[in-house]
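The values are calculated or read from the model by the stated rules, or taken from the named source; none is laboratory data. Bear in mind that the values here come from a model prediction, so they are computed numbers and not experimental data. So basically every Cβ, Gly included, is an ideal-geometry build from the backbone, and we count neighbours across all protein chains shown. Note: accessible area is taken over every heavy atom of the protein model, side chains too, but ligands, DNA and RNA are not part of it. Shrake-Rupley method; radii C 1.70, N 1.55, O 1.52, S 1.80 Å.
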Amino acid sequence: AQDESLWNLTYDIDFEADDAGAVVRVALPFDTRHCEVVDEQFIHTGLQGVIRGPYRLTRTRELLVSAPRAGSFNITAKFKLRLSPRMDMSREPAMEYMPASEMRFVREEPNITVGGESVQKFIQKLPLILATPSEKLQWIFRQISDIPSDSPGATDDPSAALDETVRQGTPLARLRAMVALCRAIRIPARMVTGFEIRQQSNAQPTRWVEVFQNQLWVPFDPVNGWARYLPPNYVPVRRGGD
């Protein structure tokens, strides 16, 4: 839409609980400069639910739902979102603070192999002429953008995407690889999961990367070619994690 538009986003979640007390964590949309959550409704009959967040540093909100027993359950969550191509700066801080002691976005975690052989070998190929973090980041973005995703043998393994002999990976593998490369040169980076809000009956989550630069989390989507900017209809629901 060229102006403000109102959208309905619905989650329909079926899950099996192995035992009583099993918890499902459901990430929820939150206000951004382009998105306002106008209304939300949760239906989880027979389940106990509580909303947590927004969490410090990520602003992620979650619905935590616990099962009273083993069995099959359903959660329905309905959101009314107002999107606008114009930014509302009052809904997000102009500058973001991250303590120097905060290390979660530069260290290794499952599927983000910062110290892996393939990551370290790839980092060694950084041209010496690249002096600033911004130049190095742009080089990493171009390299990840060039990795093919359409091969039948592509996997979610970021090591395969970076390996010169394989050089292929799913979109998820490429995003994991970009986060790992950024962290390997001490640039904080994280995965973001959200939705591309458009008219469709079976919306699936999409992912991109955010990199911390100049006191701001800057978005990158090497799979679709977006750098330092995303369209207004990209709505995040979870920042951090895989």
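Given the criteria closer than 30 Å to G169 by Cβ, among the aromatic types (F, W, Y), open to solvent by less than 40 Å² (accessible area, probe 1.4 Å) and touching a strand residue (DSSP E or B) at 6+ places or on another chain (Cβ under 9 Å), does F105 qualify?
yes
If K78 satisfies every condition in (1) open to solvent by less than 30 Å² (accessible area, probe 1.4 Å); (2) out of contact with any Lys or Arg (no Cβ under 7 Å at 6 or more places or on another chain) but one, which is the exception?
(1)
Mind checking whether some residue in the range 122-129 is part of a helix (DSSP H, G or I) and either out of contact with any Pro (no Cβ under 9 Å at 6 or more places or on another chain) or open to solvent by 90 Å² or more (accessible area, probe 1.4 Å) (or both)?
So far as the range 122-129 goes, yes, one or more of its residues are part of a helix (DSSP H, G or I) and either out of contact with any Pro (no Cβ under 9 Å at 6 or more places or on another chain) or open to solvent by 90 Å² or more (accessible area, probe 1.4 Å) (or both).
I want to confirm something. Restricting to the range 23-63 and keeping residues that are aliphatic (A, V, I, L, M) and open to solvent by 60 Å² or more (accessible area, probe 1.4 Å), which single residue is nearest to P219 (Cα to Cα)?
In this case the residue turns out to be V38.
If you check V166, V218, which single one turns out to be surrounded by fewer than 19 Cβ atoms within 10 Å (Cβ to Cβ), within 16 Å of the chain's Cα centre (by Cα) and free of Cβ contacts under 8 Å to residues at least 24 places away in the same chain?
Going through V166, V218 in turn, just one is surrounded by fewer than 19 Cβ atoms within 10 Å (Cβ to Cβ), within 16 Å of the chain's Cα centre (by Cα) and free of Cβ contacts under 8 Å to residues at least 24 places away in the same chain: V218.
Would you point out the residue of the range 51-100, among those that are at pLDDT 95 or above and β-branched (V, I, T), that is nearest to R238 (Cα to Cα)?
Only one residue tops the list, namely T60.
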